[in-house]
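Trainee: Here it is, the structure in full.
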Ligand SMILES: Cc1ncc(COP(=O)(O)O)c(C=O)c1O
């Protein structure tokens, strides 16, 4: 059973925006917890926080009520009116499962915002086994509609006007989309965030009396776009700085199981002795992206405040998807899931090796790249070209290739950037070969016209 103890000493209230502090939990949402008899709601520390205190008595009464109690409380539609009788799912491994009767009814119904209780329970066990986080009883999990949803709800809860966020530069552009107050970029070397620059930046900021950043966004494994895995020593250094300068770490880690090293990276969550890590997992890359299921693991008070932001938008991640993931996890068990992830690693590692060989074959004297250690992307730096934007966005498309110009991933995307992101996730080997050949032709023709590119950039600046 998931016991909660308030053991972290972080002042989590200082990590909530004014808007977040004003948010009140929906009474009907709280009732949905009672109706599904989610045990963590009753004993969890979230239940003991002030935000939820108005519902404490109601929940206690309802939870201790016998099953003969008649409920006229729900605002839910009656499942008898739903047109679905059965949903059968066949898996590639030959096994199958069917949702029908009460389970199908539940799968098509509203649920508590935190998530489908049986899936929450499975994820708690999973997370505990994978990461063995210190002080596990003081943390909780919330299911979200993918990592993107998780990161935007987290930022909404934590970052208000005048607040700032640290990021490694380049970084996943889904962060900028959220519309953040101040983004402080920290350059990277081949091991990710440069810890010396991070330390210097924090020290200077403190000395200048500026407001200190509240949170750092990190995509620690198979980083999008660079494919870097931050090594353990670097992770520990960053974590030490988070403790010293009192900020949280948002580890957006959807490629955690898509690494190409022999050893599983040790997550920030595993290192988190002070309760500073908000971990984002996603099933998008390893089960399916259209299910839109991810989950946040964080200290319980942070989960409670992020949940309020979920309640104010889509109430909860899709129930049907949650039930499907739950049944899959139950069917496969821990070993089965890990086996599946291993197959995924083999699949993408082979593709990574192929694209690297093709890049060497066609682009050898034209570009530099580091072999990605995880994820889906090859980060290619073009020699002799200042900015790849027009080359890719205008001339590339007419020459028959689409890749992403590197500036999209930079904090200041108006500055020139000589990099390109090429995905090795989906294209066939023949397509990758053609794409690399076309890119080589494109770069060569661009280099022949290099003078005009330089002029254009000077003109823009
Ligand atoms: C680093 C990173 N974070 C988040 C996401 C969004 O993933 P999800 O489908 O889980 O929302 C992506 C997707 O490409 C990603 O690369």
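Trainee: Could you grab me the full set of residues in the stretch 247-263 that are free of Cβ contacts under 8 Å to residues at least 60 places away in the same chain and either away from the ligand (no atom under 13 Å from the Cβ) or over 23 Å from residue 184 (Cα atoms) (or both)?
Mentor: Of everything in the stretch 247-263, those that are free of Cβ contacts under 8 Å to residues at least 60 places away in the same chain and either away from the ligand (no atom under 13 Å from the Cβ) or over 23 Å from residue 184 (Cα atoms) (or both) turn out to be 249, 256, 262, 263.
Trainee: A follow-up question, please. Considering every residue within the stretch 325-342, establish whether at least one is over 30 Å from residue 241 (Cα atoms) and within 16 Å of the ligand (Cβ to nearest atom). Walk me through it before giving the result.
Mentor: If we filter the stretch 325-342 for residues that are over 30 Å from residue 241 (Cα atoms), which is where we start, we get 325-342.
Next, only the ones that are within 16 Å of the ligand (Cβ to nearest atom) stay: 325, 341.
Yes, the conditions are met somewhere in the stretch 325-342.
Trainee: Mind checking which residues of the stretch 138-167 are within 13 Å of the ligand (Cβ to nearest atom) and in a strand (DSSP E or B)?
Mentor: Residues satisfying the conditions are 143, 144, 167.
Trainee: Being over 10 Å from the mean Cα position of the chain (by Cα) and over 13 Å from residue 313 (Cβ atoms) is the filter here; which residues of the stretch 143-153 pass it?
Mentor: 143
Trainee: Of all residues in the stretch 171-194, how many are more than 11 Å from the ligand (Cβ to nearest atom) and on the phi < 0 side of the Ramachandran plot?
Mentor: Selection size over the stretch 171-194: 16.
Trainee: Ok, one more. Can you find a residue in the stretch 123-137 that is touching a helix residue (DSSP H, G or I) at 6+ places or on another chain (Cβ under 7 Å) and within 16 Å of the ligand (Cβ to nearest atom)?
Mentor: Within the stretch 123-137, not a single residue is touching a helix residue (DSSP H, G or I) at 6+ places or on another chain (Cβ under 7 Å) and within 16 Å of the ligand (Cβ to nearest atom).
Trainee: So which residues in the stretch 314-324 are more than 16 Å from the ligand (Cβ to nearest atom) and either at pLDDT 95 or above or under 18 Å from the mean Cα position of the chain (by Cα) (or both)?
Mentor: Restricting attention to the stretch 314-324, the residues satisfying the condition of being more than 16 Å from the ligand (Cβ to nearest atom) are 315, 319-320, 323.
Once the filter is applied, which keeps residues that are more than 16 Å from the ligand (Cβ to nearest atom) and either at pLDDT 95 or above or under 18 Å from the mean Cα position of the chain (by Cα) (or both), the stretch 314-324 yields 319, 320, 323.
Trainee: While we're here: How about the stretch 352-377: which of its residues are part of a helix (DSSP H, G or I) and over 23 Å from the mean Cα position of the chain (by Cα)?
Mentor: Result: 353, 354, 355, 356, 357, 358, 359, 360, 361, 362, 363.
Trainee: State whether the residues of the stretch 89-111 include one that is surrounded by 11 or more Cβ atoms within 10 Å (Cβ to Cβ), part of a loop (DSSP other than H, G, I, E, B) and modelled with pLDDT under 85.
Mentor: no
Results for (1) within 18 Å of the chain's Cα centre (by Cα); (2) farther than 28 Å from residue 10 by Cβ; (3) crowded, with 19+ Cβ neighbours inside 10 Å, shown as yes or no for each residue.
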site: 258; (1), (2), (3): yes, yes, yes
site: 270; (1), (2), (3): yes, no, no
site: 273; (1), (2), (3): no, no, no
site: 277; (1), (2), (3): yes, no, yes
site: 285; (1), (2), (3): yes, yes, yes
site: 288; (1), (2), (3): yes, yes, no
site: 294; (1), (2), (3): yes, no, yes
site: 299; (1), (2), (3): yes, no, yes
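Trainee: Look at the stretch 268-313 and say how many of its residues are more than 16 Å from the ligand (Cβ to nearest atom), more than 14 Å from residue 250 (Cβ to Cβ) and outside any helix (DSSP H, G or I).
Mentor: Summing the residues that are more than 16 Å from the ligand (Cβ to nearest atom), more than 14 Å from residue 250 (Cβ to Cβ) and outside any helix (DSSP H, G or I) in the stretch 268-313 gives 3.
Trainee: Could you say which residue among 32, 71 is within 23 Å of residue 118 (Cβ to Cβ), surrounded by 18 or more Cβ atoms within 10 Å (Cβ to Cβ) and at pLDDT below 85?
Mentor: 32
Trainee: Within the stretch 177-206, track down each residue that is closer than 26 Å to residue 282 by Cβ and touching a strand residue (DSSP E or B) at 6+ places or on another chain (Cβ under 7 Å).
Mentor: If the condition is that a residue be closer than 26 Å to residue 282 by Cβ and touching a strand residue (DSSP E or B) at 6+ places or on another chain (Cβ under 7 Å), then 180, 181, 183, 184, 185, 186, 188, 192, 193, 198 are the ones that fit.
The values are calculated or read from the model by the stated rules, or taken from the named source; none is laboratory data. Just so we're clear, the structure is a prediction, and the values are computed from it rather than from any experiment. In this analysis, Cβ positions are derived from the backbone assuming ideal geometry, glycine residues included, and neighbour counts consider all displayed protein chains.
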